[in-house]
Amino acid sequence: MQPFTKLTAVAVPLDLSDVNTDMIIPARFLRKPLDARYGSYLFHDLRHDEDGRLRDSFVLNEAVYRDAQILVAGANFGCGSSRESAVYTLMGYGFRCVIAPSFGDIFVGNCLQNGVLPVVLPEAECAALRAWLDANPGATVTADLEAQTVTTPDGRIRTFALDPVRRERLLRGLDEIGLTLTRLPGIEAFEARYARARPWLARE
Amino acid sequence: MNPVNMSTIGAAKRAPSTLFEKIWDAHVIEQGGADDALLHVDLNFLHEGAFLAFAALRKEGRTVRKPAQHFAVADHYVPTLGRERGIAGVTDPEVRGLIELLADNAAWGGIDHAGIDDPRQGIVHVIGPELGLTQPGLVISCGDSHTSTHGAFGAFAFGVGASQVKQVLATQCLWQRKPKRLRITIDGALAPGVSGKDVILATIAQIGAAGAVGHVIEYAGSAIRAMSMEGRLTVCNMSIEAGARAGMIAPDDTTFDYLHGRAFAPKGMLWDQALAYWRTLRTDEAARFDRELHLDADAFAPMVTWGTNPGQGLPITGRVPDPASASGDARRGIEAALAYMGLQPGTALDGLAVDRVFIGSCTNSRIEDLRSAAAVVRGRRAKVPTFVSPGSTQIKRDAEAEGLDRVFIDAGIEWRASGCSMCVGTNGDLLRAGERSASTSNRNFEGRQGRGARTHLVSPAMAAAAAVTGTLTDVRRLIAGD
Ligand code: SF4
């Protein structure tokens, strides 16, 4: 997994709350292989009209945001299904960080599995940041996981919290399977104890 | 080791604790950070969508560590028509590939698999309970957010993404963050025509689509205790629509009666041992929750959603809300939802014309759901295209044995095979743009049932009422014989 330390990139304001995973990637794309086209499914039905033409009205279609890697959204971003494809398509498009007042739980887990940083800032801070981005289209934002700050070129520094274990894993890009398998003796001891206490769970 | 002592498993001398904590603590292999733990996973369910997880696992040269603790079933992509031909009846080559890929991956991993023509086939969250795989006290994962369904048995069951599906395949454990505890106590009695679906829609309408983010919900109270397993499964199923990590209900005699004799349920002496343990799985009197909410079951009415998230619901007697009644983000949310749904503020929900009706999904496709829909349909004719997709192949057979299929067919309603179908439409069962549906599924997101499709979530009885009237209708009028 790609570590996340510090990222300075164009940030795009997405003025929507309750952005669900069906909006991030419509279900019909879930059958697609994980290849170079994956980023093109991102927000597909918001970005394109019925005839497949790009909608000028959707913020991501504006030229200044072509290289955006940071998304600043409204509350409850990534709610809905467990589809990790939502994170794959964000990454495929180039995003490495999403800033929002709150997130769907499973979505956060999926971000952390893929080196994408979910930053929780208070509702008012997110709204102010989006307003600032609207006034400064194409401006960059710096997300620093080491310092746990989000900074804008106007000098504003906003701090955020992240569980220390999760932060450490992201900073080092640690693969959880590798990490877990180093615990194998402890896992096996647990399983033996557990199985003795619950003989009815034994299955061939 | 000590001899087995049922009363102390996972509940040694300790502070008063909740049902959730008892299960959590019994599964912690190692404590990570303050809130992080490595959890033992008893059971993981797999469906066609697991192909990305399997691909990564195989590419990394890993194996399935505990094949017996997984169960795979084809549900998300199976067609609901032409099933008598099995896999040969799947016309879309891409879809067929995914169904075959699951069979191939399961065989590779040594995992029990119910394929498209297996008699055990059905929606993953329906067959887990039906086969007796879902049991009290278990930690259950699945790459599907509605895994919360299984919590109705007093299990801690939650959805995970592809990376975590891969992890549980490779290690049989998961790093999990401990959720906060929310108890929703619902006391009182449900009126005729009001079901588990209405309870959960009313609950989400009250707390909001993000109202339980970061929490595990325990449902308690006399209304929950009085519910059948079917009703409880519906309630727990939609916990995720309030943002909860999981929903749970303490197991009781209703749970045990349901489980007894099922294919994977313990038998004989093992049943007695299990039962003794299961009876310890309830929240202690003095246990504390991070949040508590009390609701009055007597006040619930049949519900219907008007917007584009499951929290945007109202009693059928209500009217489409006016954005002007809200401000800021909330106002914009209502405006966007009404624009998508093609609705005007102030419109009465009762009487709103629908184009199609769908009865199915892991939320409402169990035998009791089909009975309640059939009771409304009996002796009437459907006015709009409607189809029923039973939650499992077994439920389809059971319903046919009771003659429910005839009730639907005689009313001009299609009787189809089992799968996720129009809940998510990955199998091709979709609405056309602009079409309005009454649906017993769980999500009314934009585009969920097809691009531009407008979904109103309702109970099975309400869906049946919509089918026979062609409009959203207060089912209580039909029950009263009006
Ligand atoms: S019926 Fe719908 S919600 Fe349930 S498992 Fe299938 S797709 Fe998911």
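Data for the structure
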| item | result |
| --- | --- |
| Helix axis angle, A:123-135 relative to chain A longest principal axis, alpha carbon, degrees | 40 degrees |
| Cα-projected label distance for A:Leu54 with A:Ala131, points at 7 Å along beta-carbon direction, nm | 3.0 nm |
| Overall dimensions of chain B as given by Cα atoms, namely Rg and Dmax in Å | 21.8, 68 |
| Hydrodynamic radius (Kirkwood) for the protein assembly as shown, which is based on Cα pairs only, to one decimal in Å | 25.4 Å |
| Estimated distance in nm for a label pair at A:Asp15 and B:Ala299, the labels positioned 7 Å out from Cα along Cα-to-Cβ | 3.6 nm |
| Gaussian network model of chain A, Cα within-10 Å springs - most flexible of A:Glu125, A:Glu62, A:Glu188 | A:Glu188 |
| Flagged links, alpha-carbon separation over 26 Å, of B:Lys166/B:Lys267; B:Lys197/B:Lys396; B:Lys66/B:Lys178; A:Lys32/B:Lys166 | B:Lys166/B:Lys267 |
| Where N is the number of residues in the range B:14-294, Cα Rg divided by 2.2 N^0.38 Å | 1.01 |
| The range A:101-194 - Rg and Dmax from Cα coordinates, angstrom | 18.0, 61 |
| Equivalent ellipsoid semi-axes - Cα gyration tensor, the range A:3-152, angstrom | 22, 18, 14 |
| Helix-derived mean residue ellipticity, 222 nm - over the protein assembly as shown, DSSP H n ≥ 4, -39500 (n - 2.57), to 500 | -9000 deg cm²/dmol |
| Distance between modelled label sites at B:Arg432 and B:Glu285, nm, 7 Å Cα→Cβ extension | 6.3 nm |
| Bridge type composition, the range B:303-476 - antiparallel percent by DSSP, nearest 5 | 30 percent |
| Ellipsoid equivalent to the range B:303-476 - semi-axes via the Cα gyration tensor, in Å | 29, 16, 12 |
| Order of B:Phe51, A:Phe77 under a 10 Å beta carbon neighbour criterion, fewest first | B:Phe51, A:Phe77 |
| Qualifying trypsin sites (Lys or Arg not before Pro) in the range B:410-469, DSSP loop, other Cβ atoms within 10 Å at most 16 | B:Arg432 |
| For the range B:262-277, 3J(HN,Hα) per residue [Karplus equation, 6.51 cos²θ - 1.76 cosθ + 1.60, θ = phi - 60°, Hz, x = Gly/Pro] | 6, 3, 9, 6, x, 10, x, 4, 5, 4, 4, 5, 4, 4, 4, 5 |
| Rounded FRET efficiency, nearest 0.05, which uses the C-beta distance separating A:Leu174 from A:Asn61 and R0 of 41 Å | 0.70 |
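Here, each number is a calculation from the coordinates, and none is a lab measurement. Only a predicted model underlies this, so the values are computations on that prediction, with no experimental measurement involved. We place every Cβ from the backbone using ideal geometry, glycine too, and count neighbours over all the protein chains shown.
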